[in-house]
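Nothing in this text is a laboratory measurement; each read-out follows from the coordinates by a stated rule. Quick caveat: nothing in here was measured; it's all calculated off a predicted structure. Backbone-built Cβ (ideal geometry, glycine too); neighbour counts: all protein chains shown.
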Ligand SMILES: [Zn+2]
């Protein structure tokens, strides 16, 4: 049975969203939660962006330590040989890359403003792919940005050149959310048939169809005889109207009519992690989860009207397609209504020890406790909000990694 792989791009597309951002520790926690949920790959950042270097290196170390296993961590860069070179220079441990370049005439004419032809685009991409291969990349995806506004013949030419020079996957980017399920199905099926390589779909939600398009696009690739990769973000956070929501995509693949019989997840997805992951991302981005969000919205399992309430009490399947426990919901959530001790950037050892003690964390000696507290203070400076328990536990468990995540030194003047 053809396989569907999920590549979450929250730590790349999500964080490049206007008005939103994540601290390096929050990005790390997202990688950890994605790994626990069984997601195949996290596009974890930008290897040519200097302030990401320590974060990326630290997460690769977590992978080597077995903490971030088996998830793959991939970097996003422009499909330019110089950027590939820089990525390996700044993040020597990088193994997986996605190389991106615009393919539509709209972009070639109006973004590159006549400085590049269609042939130049292919030549530039091919050089970047070949360089990445040469420098030891284990897997390479090639992104056709604005693919949905690019004619099929050129996409095929572009994809074949990518494959010939060592690319492993073709990422079809519906950058503006222009596709609909019918159009993307036809295109990805044709691409799969013509390119004979796995097809990845990257869908945006400008017309409210990101999840539907992702499913239809993946189905097109599978019907064309290839494995499919779907890009998601947590809570659909992404540029403008966002991307395909991770939980909704998983639910659609697992629960929608007849789909589960046609394809299979490449990894065992633990849907029970969805609630925790979605709520952490909501807290970290400071963006509430919409009340009606599939699976994790406050109303996803709420019933008020007489007929529905009566029906669901008799048998949940009368009015619920899936159970709340499947998503990790249902355990009571305690909110402190009395005295609260918070650890922040100006906290002292007494309050900190109290907070950690409540989580049954003890330190070998005062020096160790002081060191962890200092890291917690710095993490708070970066995130501007109280750390959640999982973050505090992470810092206590991996202080050396946390130190690396929190270390950001701008390059000297003149270096860009
Ligand atoms: Zn995007």
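Quick notes on this structure:
- Most mobile listed residue (388, 84, 15) in the chain, GNM with C-alpha springs under 10 Å: 388
- Using R0 = 35 Å, the C-beta based FRET efficiency linking residue 337 and residue 409 works out to 0.25.
- Computed over region 1-122, the ratio Rg/Rh where both radii use C-alpha atoms and Rh is Kirkwood: 1.02
- Under the simplified labelling scheme, the residue 50-residue 86 pair shows an inter-label distance of 1.1 nm, with each label point 7 Å from Cα along Cα→Cβ.
- GNM result for the chain, Cα springs below 10 Å: residue of 108, 291, 199 fluctuating most strongly: 291
- Across every pair of non-identical alpha carbons in region 261-416, the mean reciprocal distance, once inverted, gives a Kirkwood radius of 19.3 Å.
- Contour excess over end-to-end distance, with Cα ends at residue 193 and residue 151 and 0.36 nm allotted per residue: 13.5 nm
- Here, the chain yields an orientationally averaged convex hull projection of 22.9 nm² when only Cα atoms define the hull.
- Per the Cα gyration tensor, region 60-216 maps to an equivalent ellipsoid with semi-axes of 26, 20, 14 Å, ordered largest to smallest.
- Computed with the Debye formula from one identical point scatterer per Cα of region 167-248, without solvent, the log10 of I(q)/I(0) at q = 0.12 Å⁻¹ comes to -0.28.
- For region 74-114, the spread of Cα positions along each principal axis, largest first, Å: 36, 16, 10
- Kirkwood-based Rg to Rh ratio, region 101-154, C-alpha trace: 1.02
- Its relative contact order, with pairs defined as Cα atoms under 8 Å and 6+ residues apart, puts the chain at 16 percent.
- Here is the size of region 225-278 from its Cα atoms: Rg then Dmax, 12.1, 35 Å.
- Contact order relative to length of region 15-93, as percent, for alpha carbon pairs under 8 angstrom and 6 or more apart: 34
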